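Asks: One structure follows; several queries about it will come next.
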Amino acid sequence: MWQNLRAAALALAMAAGCGTNAFAEQLERIESYYNTIFVLQQGTYITLAFGHENRTYVESQRNTADLLELPLTYTRSLTAAVAYAPQTANFLMIGMGGGSTSWYLHKHMPDANVTAVELDPDIVALAAKYYQLHQEPNFNIAEGDGRLFLMRDDTNYDVIFVDAYRGPFVPFHLLTREFYQIAKFHLAPGGVVAQNVEPSTMLFDSSHATLLSVFDTVDFIPAGGNIIAVAYDGPRRDISELTALAQARQSAFGFRYSVPEMIAARRTLAPPAEDIVPLTDDFAPVNLLNSVEVHNRKWE
């Protein structure tokens, strides 16, 4: 079934930015409870990829010689959300994966408390093995579903990042109005939700409508083919004030990837058409656990 894996590995590695003509080497294949996981290496770059129906989907990539590099463009764009938050005390990442973005934020902002939540314990183990990702003061790793984590948590966050993907799609229970209401409840004053979204799917307009059913404003940051949606309450942030805060954060924390440049690329979209309805759970609260299990079920 996986006879084309080496060719697929080369394609994904070069697309992700490894920049070499050598084939990617398969280091491991693991059948976890949730995923078929491939560990691929090309030079100093190691990629974690999910397999499904003879295709591989990049889940995470890091440069083992430079763990603060963010090879995937969208992971850089996620960091633009730090310019929206009035404070930088607590950050939550739902969908840790290999931990590239959360570790990058932690190392640039060591006084902030960063919590990264990852559903698949085998991904957590692989991130430790290949990326040296580990808990340390102000960097916490939690295993489990991100929505259930939030429901059991009592922390208020300045930014809640959502980067949970299964192949090309976000698990549906992390896209509904009820999920965003839970996330909003856990935001500190002025806090934002920043989510990596795929703009080419039919769900994009529905996702936009769903965010606007919970938050007053949604901004969009271009992210190398993907888009980062930044949702918050209140009127749209004035670009001059947003830029000033981005420049202050850039100076204070010395980010490798310029936050002011990402903020300068901010875009807004007209509200979705009236016939685009928000996504909802459509199940009773008592069925939540069953629904989460279904949405996280391993691909057959």
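Asks: Just to confirm a number: summing +1 for Lys and Arg and -1 for Asp and Glu over residues other than R236 whose beta-carbon lies under 14 angstrom from that of R236, what do you get?
Replies: Once all neighbours under 14 Å are counted, the net charge is -2.
Asks: H52 to E143: FRET efficiency via 1/(1 + (r/R0)^6), r the Cβ-Cβ distance, R0 25 Å, to the nearest 0.05?
Replies: 0.65
Asks: Multiplying the sequence separation of T73 and T268 by 0.36 nm and subtracting their Cα-Cα distance, what value in nm do you get?
Replies: Taking 0.36 nm per residue and subtracting the Cα distance, the gain is 68.2 nm.
Asks: I've got another one for you. Take the alpha carbon atoms of the range 119-155, find their center, do the same for the range 173-204, and report the distance between the two centers in whole angstrom.
Replies: 19 Å
Asks: Between A65 and S32, how many nm apart are label points set 7 Å from Cα along the C-beta direction?
Replies: 2.7 nm
Asks: Which of R249, R256 has the fewest other C-beta atoms within 10 Å, and how do the rest follow up to the most?
Replies: R256, R249
Asks: Which shape class applies to the range 100-175: rounded if a/c is under 1.5, otherwise prolate when a/b exceeds b/c and oblate if not, where a ≥ b ≥ c are the square roots of the Cα gyration tensor eigenvalues?
Replies: oblate
Asks: Can I ask one more? Count the net charge of all other residues whose Cβ sits under 14 Å from the Cβ of A128, scoring Lys and Arg as +1 and Asp and Glu as -1.
Replies: It works out to a net charge of -4.
Asks: Using per-residue counts of other Cβ atoms within 10 Å, averaged over each peptide, order 34-45, 77-88 from highest down.
Replies: Ranking, from highest mean packing down: 77-88, 34-45.
Asks: How much length would be gained if the chain were fully extended between Q132 and A252, taking 0.36 nm per residue of separation minus their Cα-Cα distance, in nm to one decimal?
Replies: Stretched out fully, the Q132 to A252 stretch lengthens by 40.6 nm.
No value in this document is a laboratory result; all are computed from the given coordinates. A quick note: this is a predicted structure, and the numbers were derived from the prediction, not measured. We place every Cβ from the backbone using ideal geometry, glycine too, and count neighbours over all the protein chains shown.
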